[in-house]
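Please read the structure below before turning to the comments.
The values are calculated or read from the model by the stated rules, or taken from the named source; none is laboratory data. Just so you know, these numbers come straight off a predicted model, no measurement behind them. With ideal geometry, Cβ positions are generated from the backbone for all residues, glycine too; neighbour counts draw on all protein chains shown.
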Ligand SMILES: Cc1cc2nc3c(=O)[nH]c(=O)nc-3n(C[C@H](O)[C@H](O)[C@H](O)COP(=O)(O)O)c2cc1C
Ligand code: SF4
Ligand code: SF4
């Protein structure tokens with residue numbers, strides 16, 4: 001479920017950023033890089049959920065291939081030579097994050113997730129200090145209808161982590177995506193208010209897994225919303241142990 | 001159906017046809033129907049009936065004859081008529097016994113017809129797509145019979161490989177290679193999908209094939225299924241093509257009733273069924289992985305490849321997915337041989353290609369030409385050149401994923417390689433011609449708007465990148481842009497092309513890149529004549545509020 005092909009016991013060797021590494025056949029470049037302490041930035045990837053391949057921050061260069069590949073969706077092959085950092089890649093990554101800031105209304109100073117936001121820390125990490133693109137300033141809603149949780153569309157980056165955790169781990173499939181392009185948005189059931197959803201179990205997994213302040217617990221003030229994502233590796237481990 | 005029944009069916013239909021001394025064929029495809037050819041067909045049938053000629057004159061609705069701009073088109077014996085109105089019916093019927101109605105005659109010797117080479121469309125204008133007997137009389141299912149009675153799947157794949165046929169859906173992937181890959185993929189259940197989504201603006205080649213010769217598509221799919229070992233086929237058609245859906249549904253029902261689809265075709269142990277799935281008209285659903293998601297009942301969004309559909313497609317099973325026109329080429333290749341097919345076209349691009357000609361040209365409509373034909377010949381001979389004495393400026397091929405080709409390259413040959421070399425693509429076959437009055441930045445903005453609204457929203461570079469590129473193009477068009485904006489646009493084009501997940505995003509910058517390549521001065525003129533243009537630095541420098 002987690003990787004494009006089943007992981008086997010056969011092992012292979014490859015190079016990532018000039019470092020010789022070995023892995024089991026079937027593991028992705030991202031997994032192997034992280035196992036070896038090589039950081040590749042991601043926003044939509046979550047260990048324990050299916051690969052989405054949407055944020056495009058994990059694009060890497062593979063020697064001999066003219067096309068960049070998403071590390072999260074690329075299976076390692078014997079003798080691969082992968083470069084995860086180059087001026088070109090860093091430039092692309094910065095642009096992608098800038099685009100995310102321009103897309104919706106990310107006003108960090110008044111956000112409950114200020115200081116605990118993956119988008120914000122990604123911007124810091126990539127050294128982004130201004131956005132060159134025209135801000136869209138869309139008019140978006142805050143869904144306050146659920147008695148414990150809140151969805152603020154202004155801060156959603158459409159990473160679909162909430163959709164996947166809801167469908168794949170909780171098994172409720174309350175959330176999905178509607179619309180196309182920049183008009184795409186997270187919905188509950190048949191585009192109802194969250195509080196009126198008949199499938200939501202109020203488990204709160206989506207809130208904890210959301211990288212930004214888009215999904216939060218109610219009753220939190222600026223900077224107070226911290227997320228706990230440790231449940232997911234735990235559940236994944238338990239699930240695998242059962243198999 | 002047994003093999004001899006097919007021959008008997010064809011014989012019977014041919015014999016019946018021989019009783020008629022005259023034939024009137026009326027185009028009943030979407031283009032002509034929109035100018036009342038359906039009423040015309042009914043009027044002609046009534047006039048024939050009124051004159052008591054029902055047993056002498058065969059009246060039927062047929063597929064597109066190509067010259068759509070002069071529709072409704074009608075063929076009465078050997079004379080073609082254009083701009084025929086429903087009230088002309090009587091005169092046309094009367095003319096059968098005397099001389100043609102001079103003012104309506106359409107010259108079939110003009111280059112528009114004479115320069116074409118018909119393979120996929122060979123029956124268009126001759127057969128009634130709603131009559132199985134008529135299609136069989138014109139050769140339908142003969143290739144399938146040949147395959148099932150005298151060829152192994154390997155031989156079929158070899159024949160298709162020899163033909164050099166390449167996918168007509170846009171990318172030009174070798175069809176034989178794709179079939180071989182699917183046939184080698186493991187697994188009992190395999191699927192065949194026919195991609196009839198056709199989302200490019202201005203393109204209607206696939207619609208015409210589905211409306212005009214639906215059995216040819218089914219036959220091509222059945223042959224493909226036999227070759228790769230699949231038992232179930234799916235035709236994915238956009239719901240905006242109601243007539244194509246109607247004709248295909250009818251064709252499937254007819255074929256099923258006569259045993260041309262179903263169990264043990266022609267006495268072999270090969271089973272094949274086809275069902276239709278309707279798309280809701282999203283351009284991205286033409287992308288194979290999005291199409292498969294849509295067929296599975298999921299949101300139509302692409303996923304990273306590999307795995308390719310050939311290994312893991314519909315419901316995780318190996319899936320052969322080809323374009324409508326690709327499948328429609330198959331029966332001819334099987335009947336006449338891959339070697340014959342390979343004699344047509346260029347070294348790397350074989351066969352013919354259907355193009356939908358639109359824009360600033362005299363003859364708009366559908367043409368089928370051999371690969372390798374000079375572009376100039378298409379524009380000036382077949383399409384009749386630019387109207388109103390204007391000068392040719394550029395032609396856009398490949399729709400929103402393609403690029404423009406300017407006048408200085410009019411002498412190139414039309415094939416996959418030479419179009420790619422000029423920064424455009426063959427695409428699925430749309431050709432939009434622009435004259436000197438067209439503003440190329442505006443053209444780029446138009447296609448970018450299309451990509452922006454059709455982006456599925458899954459990946460950031462395409463979803464927001466197309467929005468921002470459109471914003472920048474808009475600013476340039478409105479003379480509000482600076483050189484910094486142009487540089488930012490170029491940077492964005494590069495990033496979106498390199499990092500997007502699927503072909504839509506990867507090719508969305510193409511119209512901008514190719515207009516920049518050939519018409520950069522138009523961009524510069526707009527920028528230099530804008531009030532902000534001279535300052536040179538229009539960077540927005542909006543600091544992020546808090547990043548710490
Ligand atoms: C955005 C996008 C739209 C596409 N639309 C179509 C389409 O409308 N029809 C089609 O046949 N192929 C379309 N394709 C190409 C398909 O993904 C696929 O390559 C094709 O159906 C394969 O068939 P072929 O090998 O016969 O060309 C599209 C690709 C992309 C990226
Ligand atoms: S709500 Fe959060 S988790 Fe869900 S798509 Fe938006 S940013 Fe991602
Ligand atoms: S490139 Fe565009 S259409 Fe393709 S997956 Fe990304 S957002 Fe969707």
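The table below gives the values:
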{"quantity": "Which numbered condition residue A:159 fails, given (1) over 27 Å from residue A:238 (Cβ atoms); (2) within 14 Å of chain B (Cβ to nearest Cβ); (3) in contact (Cβ under 8 Å) with a residue 40 or more places away in the chain", "calculated": "(1)"}
{"quantity": "Per-region count, segment B:461-496, residues within 12 Å of ligand 3 (Cβ to nearest atom) and surrounded by fewer than 20 Cβ atoms within 10 Å (Cβ to Cβ)", "calculated": "0"}
{"quantity": "Residues (over 24 Å from residue B:198 (Cα atoms) and not in a loop (DSSP other than H, G, I, E, B)) located in segment B:408-456", "calculated": "B:408, B:409, B:413, B:421, B:435, B:440, B:441"}
{"quantity": "Selection within segment A:125-146 - within 10 Å of chain B (Cβ to nearest Cβ), surrounded by 15 or more Cβ atoms within 10 Å (Cβ to Cβ) and outside any loop (DSSP other than H, G, I, E, B)", "calculated": "A:131"}
{"quantity": "Residue check, residue B:199 touching a residue at least 60 places away in the same chain (Cβ under 8 Å) and either within 16 Å of ligand 2 (Cβ to nearest atom) or within 14 Å of another protein chain (Cβ to nearest Cβ) (or both)", "calculated": "yes"}
{"quantity": "Test: residue in segment A:124-131 that is in contact (Cβ under 8 Å) with a residue 40 or more places away in the chain, on the phi > 0 side of the Ramachandran plot and more than 16 Å from ligand 1 (Cβ to nearest atom)", "calculated": "no"}
{"quantity": "Verdict on residue A:179 being surrounded by fewer than 18 Cβ atoms within 10 Å (Cβ to Cβ) and closer than 17 Å to residue A:50 by Cα", "calculated": "no"}
{"quantity": "Filter result (touching a residue at least 60 places away in the same chain (Cβ under 8 Å) and in contact with a strand residue (DSSP E or B) (Cβ under 9 Å, 6 or more places away or on another chain)) within segment B:161-177", "calculated": "B:161, B:163, B:164, B:165, B:166, B:167, B:168, B:169, B:170, B:172, B:175"}
{"quantity": "Complete set of residues in segment B:148-204 that are more than 10 Å from ligand 1 (Cβ to nearest atom) and on the phi > 0 side of the Ramachandran plot", "calculated": "B:164, B:187, B:202"}
{"quantity": "Which listed residue, of A:179, A:213, is in contact with a strand residue (DSSP E or B) (Cβ under 9 Å, 6 or more places away or on another chain), within 14 Å of another protein chain (Cβ to nearest Cβ), at pLDDT 95 or above and within 16 Å of ligand 3 (Cβ to nearest atom)", "calculated": "A:179"}
{"quantity": "Matching residues, segment B:179-200, being assigned to a loop (DSSP other than H, G, I, E, B), under 30 Å from residue B:396 (Cβ atoms) and away from ligand 3 (no atom under 16 Å from the Cβ)", "calculated": "B:198"}
{"quantity": "Residues within segment B:448-460 that are within 9 Å of ligand 3 (Cβ to nearest atom), touching a helix residue (DSSP H, G or I) at 6+ places or on another chain (Cβ under 7 Å) and within 7 Å of chain A (Cβ to nearest Cβ), tallied", "calculated": "6"}
{"quantity": "Residue satisfying condition, being more than 16 Å from ligand 2 (Cβ to nearest atom) and touching a strand residue (DSSP E or B) at 6+ places or on another chain (Cβ under 7 Å), within set B:265, B:260", "calculated": "B:265"}
{"quantity": "Hey, residue B:391 away from ligand 1 (no atom under 16 Å from the Cβ) and more than 14 Å from chain A (Cβ to nearest Cβ) or not", "calculated": "yes"}
{"quantity": "Some residue of segment B:353-375 being within 14 Å of chain A (Cβ to nearest Cβ) and part of a loop (DSSP other than H, G, I, E, B)", "calculated": "no"}
{"quantity": "Test: residue in segment A:54-65 that is within 26 Å of residue A:205 (Cα to Cα) and touching a strand residue (DSSP E or B) at 6+ places or on another chain (Cβ under 7 Å)", "calculated": "yes"}
{"quantity": "Given (1) within 14 Å of ligand 1 (Cβ to nearest atom); (2) within 13 Å of chain A (Cβ to nearest Cβ); (3) more than 20 Å from the chain's Cα centre (by Cα), number of the condition residue B:309 does not satisfy", "calculated": "(2)"}
{"quantity": "Residue identified as under 19 Å from the mean Cα position of the chain (by Cα) and either in contact (Cβ under 8 Å) with a residue 60 or more places away in the chain or not in a strand (DSSP E or B) (or both) among B:281, B:259", "calculated": "B:281"}
{"quantity": "Qualifying residue in segment A:217-224 (condition: under 22 Å from residue A:136 (Cβ atoms) and either assigned by TED's automatic domain parsing to the domain that holds residue A:104 or buried (at least 21 other Cβ atoms within 10 Å of the Cβ) (or both))", "calculated": "no"}
{"quantity": "Residue match in segment B:274-282 (condition: within 14 Å of another protein chain (Cβ to nearest Cβ), more than 16 Å from residue B:198 (Cα to Cα), out of contact with any helix residue (DSSP H, G or I) (no Cβ under 9 Å at 6 or more places or on another chain) and more than 16 Å from ligand 2 (Cβ to nearest atom))", "calculated": "no"}
{"quantity": "Segment A:99-109: number of residues that are modelled with pLDDT of 95 or more and either out of contact with any helix residue (DSSP H, G or I) (no Cβ under 9 Å at 6 or more places or on another chain) or more than 9 Å from chain B (Cβ to nearest Cβ) (or both)", "calculated": "2"}
{"quantity": "Residue within segment A:190-206 that is within 12 Å of chain B (Cβ to nearest Cβ) and either touching a helix residue (DSSP H, G or I) at 6+ places or on another chain (Cβ under 7 Å) or at pLDDT 95 or above (or both) present", "calculated": "no"}
